[in-house]
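Q: Below you'll find the structure I mean.
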Amino acid sequence: MDKDQRYEKIKETTLSGRYLHHKHLVPILKELQSPCKVEEIGFSVRGLPIEKITIGHGPTKILIWSQMHGNESTTTKAVFDLLKALTRGYENAKDILEKLSLVIIPMLNPDGALAYTRLNANDIDLNRDAQNRTQPESMVLRSVFDEFSPDFCFNLHDQRTIYSVGSVPKPATLSFLSPAADSNRTVTENRLRGMNLIVAINEVLQQFIPGQIGRYNDVFNANCVGDAFQMLGTPTILFEAGHFQGDYNREKTRKYVFMSLWKALESVAFDPLESNREKAYTAIPENKKCFFDILVLNAHLLNSKLEVGNALGILYKEQLQGDSIHLKPFIDRTGDLNGYFGHVKYDCANPEDEILLKNNQEILNLINFS
């Protein structure tokens, strides 16, 4: 049985799509049994519960949290895939649970998840609240951190479809960062352990999505949780789930997040991570913002008001409608877009592309009214 088949057997099929809020988690949390322990650890601004899941009994401790930003749900799906894998004997699950103790907060920002917004109900970015801790959700996370005293932290997020791997036409399907602990971006011993862990993850992912792994910008910000925990001496890894070709529901990306988490657990459990792999870490290309969802070249051939050679860079705005997310296209940029890429690209000078565009009324309207 190959990895894809093994993954499908442990995938949490009750969770799918982009819109994921607390009510979706309740049935799963109620059914989790030994070796998992579910506890309510606090409440959001609007009184929604925040839970933690504890699993494993090993000496090395890992704290994992997801959906700090309410509209970043891909990693939450992967977290529940991870829990099924750990409880159903996936690969070396038994040995991992003997080596590690995990505390997982699957949804730190349930208010933002319900409203499908980045911010919490007080319009605060929890990932800029690490020092002042003005919000109840921030205090919950810090309280768990202080009580658990983890050896590693995994900070799970989504990133937008605009990110490329460097300046090449490859989407950053996943990106990683071992954050700095000071403004000089010093490579401390703990930061290096995080770098070594990311290199191990990258080596696995390159076998499945070669060239689609990026390195997130490491500008220091003490108000960001990862930087703050790194300042406190705990290696903290940022996971950023991004775009895979055609996968706007991020179901394929979800699988690669799961693979990343599994490799991370294996590495922490069985590898002292004491080697110096900084060069291999910095060799991972840094993310750049080179993608549009749709790139239209030579748009003047369909709209004579546009300058000759103008291109249109179109992005999707995610809109919550009922219980699902709809993608509404809008023109983000026009002009000479040399050096940019499109997840979908049309060239109006190509008769076949022109026909396709004329059959896409929504995009055609954007071109005609631009």
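Read-outs throughout are calculated quantities, based only on the coordinates presented, and are distinct from any laboratory measurement. Keep in mind the model is a prediction, meaning the values are calculated, not measured. Backbone-built Cβ (ideal geometry, glycine too); neighbour counts: all protein chains shown.
Q: So what's the convex hull volume per residue for the Cα atoms of the chain, in Å³?
A: Details: hull volume 54.9 nm³, N = 370.
Spelled out: Cα convex hull of the chain, divided by residues, is 148 Å³.
Q: Give me the net charge of Leu48's neighbourhood, meaning all other residues with Cβ under 12 Å from the Cβ of Leu48; Lys, Arg count +1, Asp, Glu -1.
A: Values: positive: Lys23, Arg46; negative: Glu40, Glu51, Asp111, Glu137.
After counting each charged neighbour, the total is -2.
Q: Using a simple spin-label model with points 7 Å from Cα along the Cα→Cβ vector, what separation in nm is obtained for Lys289 and Glu362?
A: In this crude spin-label approximation the distance works out to 2.3 nm.
Q: Moving on. Tell me whether region 228-275 comes out rounded, prolate or oblate; compute the Cα gyration tensor, take square roots of the eigenvalues as a ≥ b ≥ c, and use a/c under 1.5 as the rounded threshold.
A: It comes out oblate by the Cα gyration axes.
Q: Taking 7 Å along the Cα-to-C-beta vector as the label spot, tell me the Leu327-Lys23 distance in nanometres, rounded to one decimal.
A: 2.6
Q: Please tell me which of these pairs span more than 21 angstrom C-alpha to C-alpha: Lys11/Lys94; Lys30/Lys255; Lys263/Lys317; Lys3/Lys255; Lys11/Lys328; Lys3/Lys77? Intermediate values should be presented prior to the final figure.
A: Working: Lys11/Lys94 18 Å; Lys30/Lys255 24 Å; Lys263/Lys317 33 Å; Lys3/Lys255 10 Å; Lys11/Lys328 29 Å; Lys3/Lys77 18 Å.
Over 21 Å Cα-Cα: Lys30/Lys255; Lys263/Lys317; Lys11/Lys328.
Q: Right, next: Using 0.36 nm per residue of separation minus the Cα-Cα distance, give me the extension gain between Thr60 and Gln5 in nm, one decimal. Mind showing how you got there, number by number?
A: Details: separation 55, 0.36 × 55 = 19.80 nm, distance 2.99 nm.
Answer, rounded to one decimal: 16.8 nm.
Q: OK, next. Expressed as a whole number of Å, what is the distance separating the alpha-carbon centroids of region 1-51 and region 100-125?
A: Each part's Cα centre sits 13 Å from the other's.
Q: With a ≥ b ≥ c the root eigenvalues of the C-alpha gyration tensor of region 29-73, is it rounded (a/c under 1.5), prolate (a/b larger than b/c) or oblate? Before the final figure, lay out the partial values.
A: Working: a/c = 2.16, a/b = 1.54, b/c = 1.40.
Prolate shape, in that a/c is at least 1.5 and a/b is the bigger ratio.
Q: Once the piece of chain linking Arg88 and Glu189 is laid out straight, how much longer is it, given 0.36 nm per residue of separation minus the C-alpha distance between them? Kindly include the intermediate steps, with their values, before the conclusion.
A: Numbers: separation 101, 0.36 × 101 = 36.36 nm, distance 3.50 nm.
Once the chain is fully extended between Arg88 and Glu189, it gains 32.9 nm.
Q: Rounded, prolate or oblate: which one fits region 150-250, using the alpha carbon gyration tensor with axes a ≥ b ≥ c (rounded when a/c is under 1.5, else prolate when a/b beats b/c, else oblate)? Kindly include the intermediate steps, with their values, before the conclusion.
A: Numbers: a/c = 2.06, a/b = 1.79, b/c = 1.15.
Judged from the Cα gyration tensor, region 150-250 comes out prolate (a/c at least 1.5, a/b above b/c).
Q: Just report the Cα centroid separation between region 254-289 and region 138-165, whole Å.
A: Each part reduced to its Cα centre gives a spacing of 15 Å.
Q: Using the Kirkwood radius over C-alpha pairs as Rh, can you work out the diffusion coefficient of region 68-214 via Stokes-Einstein at 20 °C, viscosity 1.002 mPa s, in µm² per second? Could the numbers behind the result be given before it?
A: On the way: Rh = 17.5 Å.
Estimated diffusion coefficient is 122 µm²/s.
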